[in-house]
Amino acid sequence: MNTAKIFTPFKLGAVALPQRIVMSPLTRCRAGEGRVPTALMAEYYAQRATAGLIIAEATSVSPCGYGYPNTPGIHTDEQVAGWKTVVDAVHAAGGMIFLQLWHVGRSSHSSYQPGGALPVAPSAIAIQKGKVLAADFSMQSYEVPRALLTEELPAIVAEYRSGAVRAKQAGFDGVEVHCANGYLIDQFLRSSSNTRSDEYGGSIQNRMRFPLQVIDAVCEVWGAARVGVRVSPSGVVNDMRDSDPLTLFGSFLGELSKRRLAFAHIIDADTGDIRHGAERLPFEKLRASFSGPVIAAGGFTPQTGIKFVEEGGADAVAFGRLFIANPDLPARMKQSAVAGAVVPYNALDEATLYAPGPKGYTDYPKMG
Ligand SMILES: Cc1cc2nc3c(=O)[nH]c(=O)nc-3n(C[C@H](O)[C@H](O)[C@H](O)COP(=O)(O)O)c2cc1C
């Protein structure tokens, strides 16, 4: 199995990967003052530079796009400078890194918003399930967001465009537009969070309009061959529901195919999602809706990831929690694929996922 396909090179759009083991975007809440990436973040990402591709954590393109403490942004010069140190460290270590562009929409809280305003969303529908961690670290109910006016949408598209420009200034190898996990773009896509009566709501065609405008704006900056899109068609996080998700995401992936993006990054439902009420959409059908390279993510083990690529389920696999705990994940996977080798994987420390500082961040050991 050490000659397994997952260890072989692959071209994702304009980007040549040495192998197909991708690091998932992972929010770790370690940005500094002004939501500027820090030297510690540079160290963390550089430690993981042997990933075929790193997709850096969700990063807000707008001051209104935050919904968690200490997540980074990409809308100020200081943030660009901070990200440049991260990108330079990854490049110096021989890696490649995309930035995930983000706006949380309604899953924010007024305590994160400029002037204490309400979070914005396609429609004035609050998330019912769960609580939001407010800026003072108290748990609060989600607020009813303010529905965006039609004439406000071009300014948000422009924020994504500026984020893409700034990501280029920081030296990233490309960008991934975050259309997954119930954040702003997903909120526009799904019928449960988008009940608009203008040309951005109603039919699937209309619900895809804002997401595609964002993606087209980002492609204008980067060229489609350096732009990926992440979707979570089976996801239920942040109260995501749709009346016909297979048709919706089939249509969306079809539109993305026309644009010849670098990749579609599709999150499959894992056992955790299913426990939370997700109905797993058939991955092979989703994959078939996209004509370009596909990265699969969600609950893969080294063994199932290797097998999935081997059998043609996807072109590459993204690992999240395994990469947090195992900075040298590709080497471990390769080693363990050698007949008879037993390679231990570090266990994840859940308590330090979003905690400040190096503990549970940069102190996971590499193989001895
Ligand atoms: C701590 C943590 C932070 C995450 N942050 C992000 C994020 O910023 N953007 C995103 O698209 N997904 C995020 N996710 C989802 C992961 O990218 C991934 O899809 C998920 O963990 C399932 O993959 P895994 O089973 O390999 O961990 C996060 C998951 C975890 C555990």
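Of the residues making up the range 32-47, just one is surrounded by fewer than 24 Cβ atoms within 10 Å (Cβ to Cβ), touching a strand residue (DSSP E or B) at 6+ places or on another chain (Cβ under 9 Å) and assigned to a loop (DSSP other than H, G, I, E, B), namely Val36. Does at least one position in the range 242-255 carry a residue that is surrounded by 23 or more Cβ atoms within 10 Å (Cβ to Cβ), in contact with a Ser or Thr (Cβ under 9 Å, 6 or more places away or on another chain) and part of a loop (DSSP other than H, G, I, E, B)? Taking every residue of the range 242-255 in turn, none turns out to be surrounded by 23 or more Cβ atoms within 10 Å (Cβ to Cβ), in contact with a Ser or Thr (Cβ under 9 Å, 6 or more places away or on another chain) and part of a loop (DSSP other than H, G, I, E, B). Just one of the numbered conditions (1) among the charged types (D, E, K, R); (2) within 13 Å of the ligand (Cβ to nearest atom); (3) touching a Gly at 6+ places or on another chain (Cβ under 9 Å) is not true of Glu57: (3). What number of residues within the range 1-48 satisfy the criterion of being within 27 Å of Pro293 (Cβ to Cβ), of a type outside the set (D, E, K, R), under 18 Å from the mean Cα position of the chain (by Cα) and within 16 Å of the ligand (Cβ to nearest atom)? Residues in the range 1-48 being within 27 Å of Pro293 (Cβ to Cβ), of a type outside the set (D, E, K, R), under 18 Å from the mean Cα position of the chain (by Cα) and within 16 Å of the ligand (Cβ to nearest atom): 9 in total. Residue pairs whose Cβ atoms lie under 9 Å apart, sitting 6 or more positions apart in sequence or on different chains, and linking a residue in the range 149-171 that is closer than 26 Å to Ile55 by Cβ to a partner that is of a type in the set (A, V, I, L, M, F, W, C) and exposed (fewer than 14 other Cβ atoms within 10 Å of the Cβ), are Ala170/Ala81. Checked against the criteria, Gly305 counts as touching a residue at least 12 places away in the same chain (Cβ under 8 Å), assigned to a helix (DSSP H, G or I) and either within 14 Å of the ligand (Cβ to nearest atom) or surrounded by fewer than 23 Cβ atoms within 10 Å (Cβ to Cβ) (or both).
For the range 22-31, state whether one or more residues are of a type in the set (Lys, Arg), under 30 Å from Glu310 (Cβ atoms), modelled with pLDDT of 95 or more and not in a helix (DSSP H, G or I). For the range 22-31, residues of a type in the set (Lys, Arg), under 30 Å from Glu310 (Cβ atoms), modelled with pLDDT of 95 or more and not in a helix (DSSP H, G or I): absent.
When you scan the range 226-236, how many residues do you find that are closer than 20 Å to Ala56 by Cβ and either out of contact with any Leu (no Cβ under 8 Å at 6 or more places or on another chain) or part of a loop (DSSP other than H, G, I, E, B) (or both)? Final tally of qualifying residues: 3. Being under 16 Å from the mean Cα position of the chain (by Cα), in contact (Cβ under 8 Å) with a residue 24 or more places away in the chain and farther than 27 Å from Glu143 by Cα is a description that applies to Asp268. Among the residues making up the range 256-271, those that are within 13 Å of the ligand (Cβ to nearest atom) and in a loop (DSSP other than H, G, I, E, B) are Asp268, Ala269, Asp270. If only residues of the range 293-302 that are surrounded by fewer than 22 Cβ atoms within 10 Å (Cβ to Cβ) and within 11 Å of the ligand (Cβ to nearest atom) are counted, the one that is nearest to the chain's Cα centre (by Cα) is Gly299.
Quick one: is Leu148 touching a helix residue (DSSP H, G or I) at 6+ places or on another chain (Cβ under 8 Å) and buried (at least 17 other Cβ atoms within 10 Å of the Cβ)?
Values: touching a helix residue (DSSP H, G or I) at 6+ places or on another chain (Cβ under 8 Å): yes; buried (at least 17 other Cβ atoms within 10 Å of the Cβ): yes.
Yes.
Taking the conditions (1) within 14 Å of the ligand (Cβ to nearest atom); (2) over 21 Å from the mean Cα position of the chain (by Cα); (3) modelled with pLDDT under 95 in turn, Ile274 satisfies each one other than (2). Taken over the range 312-347, the criterion of being part of a loop (DSSP other than H, G, I, E, B) and either within 13 Å of the ligand (Cβ to nearest atom) or within 25 Å of the chain's Cα centre (by Cα) (or both) is satisfied by Gly312, Gly313, Ala314, Asp315, Gly320, Asn326, Pro327, Asp328, Tyr345, Asn346, Ala347.
The values are calculated or read from the model by the stated rules, or taken from the named source; none is laboratory data. In this text, all values refer to a predicted model and were calculated from it rather than measured experimentally. Reconstructed Cβ throughout: ideal geometry from the backbone, glycine too, with neighbour counts over all protein chains shown.
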